[in-house]
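The structure appears right after this line, and notes come after that.
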Amino acid sequence: MTNKQEQRSEETKRSILTAAGRLFAERGYDAVTMREIAKAAGCSHTTIYIYFKDKEALLHHLAMEPLQALFAEMEAGVQNHLLSADERLLAVSTSFIRFCLLNRSMYPLFFMAKSSRVDEKEPSLELQHLRNQLFGLLKDAVIACLPPHLTEEQSWAYARVYFFTLHGVIGTYSQSDETFDMLMERLAPTFELALRVALAGCKQIAHEEAAAK
């Protein structure tokens with residue numbers, strides 16, 4: 001009996017997570033209520049709270065594991081010193097783009113729901129702490145390509161500018177009907193070109209600013 005109860009419990013939990021992920025992707029995190037998620041999952045609006053205390057708990061369960069896997073992949077890219085600094089940045093950027101295009105329906109949930117500033121040192125949300133760590137990896141990879149002795153303010157600025165390019169690539173194709181494989185086959189060289197252009201611009205301006213001092 002216990003095993004059957006545990007199995008039903010796990011099935012209910014999976015149904016809730018599936019329903020939450022679908023509704024969040026379709027309508028956005030803020031617009032969806034716990035009652036609506038419970039209904040879509042086929043359970044009562046009181047049962048859902050046995051498994052998840054609030055929407056924030058659902059967000060954590062849906063986003064943490066995929067983002068932890070992305071972090072591990074990006075961290076390995078940043079630490080691969082067989083590559084040049086430019087090659088490391090391209091590798092982690094490509095990992096980020098691939099992840100986001102593979103999970104494009106969940107991209108707003110993974111990176112924007114309940115988000116705060118990426119330079120916040122102690123965010124209250126554990127998920128935001130992981131997001132900030134991901135941005136920190138990207139920031140370090142960008143700065144490694146630029147002239148030394150940048151100020152902290154300059155470092156954040158260049159990292160943000162480069163991230164805007166990544167976000168632009170992802171945002172442009174977030175609603176595309178093309179499959180991930182179709183997009184990459186058709187546009188991977190253009191994605192790489194966009195990243196190289198963004199980095200070249202950052203390098204040029206950073207060198208000009210350094211020379212002007």
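For this structure, a couple of remarks:
- At R0 = 41 Å, FRET efficiency that the Cβ-Cβ distance of HIS61 and ALA210 yields, to 0.05: 0.35
- Fewest-first ranking of ARG196, ARG27, using other Cβ atoms within 10 Å as the exposure measure: ARG27, ARG196
- Inter-centroid distance (Cα atoms) of the range 76-132 relative to the range 1-54, Å: 27
- Charge-dipole axis of the chain as Lys and Arg at +1 and Asp and Glu at -1 on Cβ define it, positive-most pick from LEU138, MET34, LEU17: MET34
- For the chain, size of Cβ-based charge dipole, Lys and Arg +1, Asp and Glu -1, in debye: 580
- Farthest toward the positive end of the dipole of the chain, out of ILE48, ILE170, ALA210, is the Cα of ILE48, where the dipole comes from beta carbon charges about the Cα centre.
- In summary, the chain shows an alpha-carbon radius of gyration equal to 1.20 times the 2.2 N^0.38 Å reference for compact globular proteins.
- Radius 14 Å from Cβ of GLN7, net charge of other residues (Lys, Arg +1; Asp, Glu -1): +1
- Residues ILE16, ILE205, ILE143, ranked from the fewest to the most other C-beta atoms within 10 Å, line up as ILE205, ILE143, ILE16.
- The range 1-53, Rg to Rh (Cα coordinates; Rh as Kirkwood inverse mean 1/r): 1.02
- Relative contact order %, the chain, counting alpha carbon pairs below 8 Å whose residues are six or more apart: 19
- Net length gained if the chain between GLU178 and LEU193 were fully extended (0.36 nm per residue, minus Cα distance): 3.4 nm
- Mean residue ellipticity (222 nm) of the chain, computed from DSSP H runs ≥ 4 via -39,500 (n - 2.57), nearest 500: -25000 deg cm²/dmol
- Neighbour-count order for ASP54, ASP177, ASP140, fewest beta carbons within 10 angstrom listed first: ASP177, ASP54, ASP140
Computed from the coordinates by the stated procedures, all read-outs in this text should not be read as laboratory data. None of the values given here were measured: they were computed from a predicted structure. Here Cβ is always computed from backbone atoms with ideal geometry, including for glycine, and neighbour counts include all displayed protein chains.
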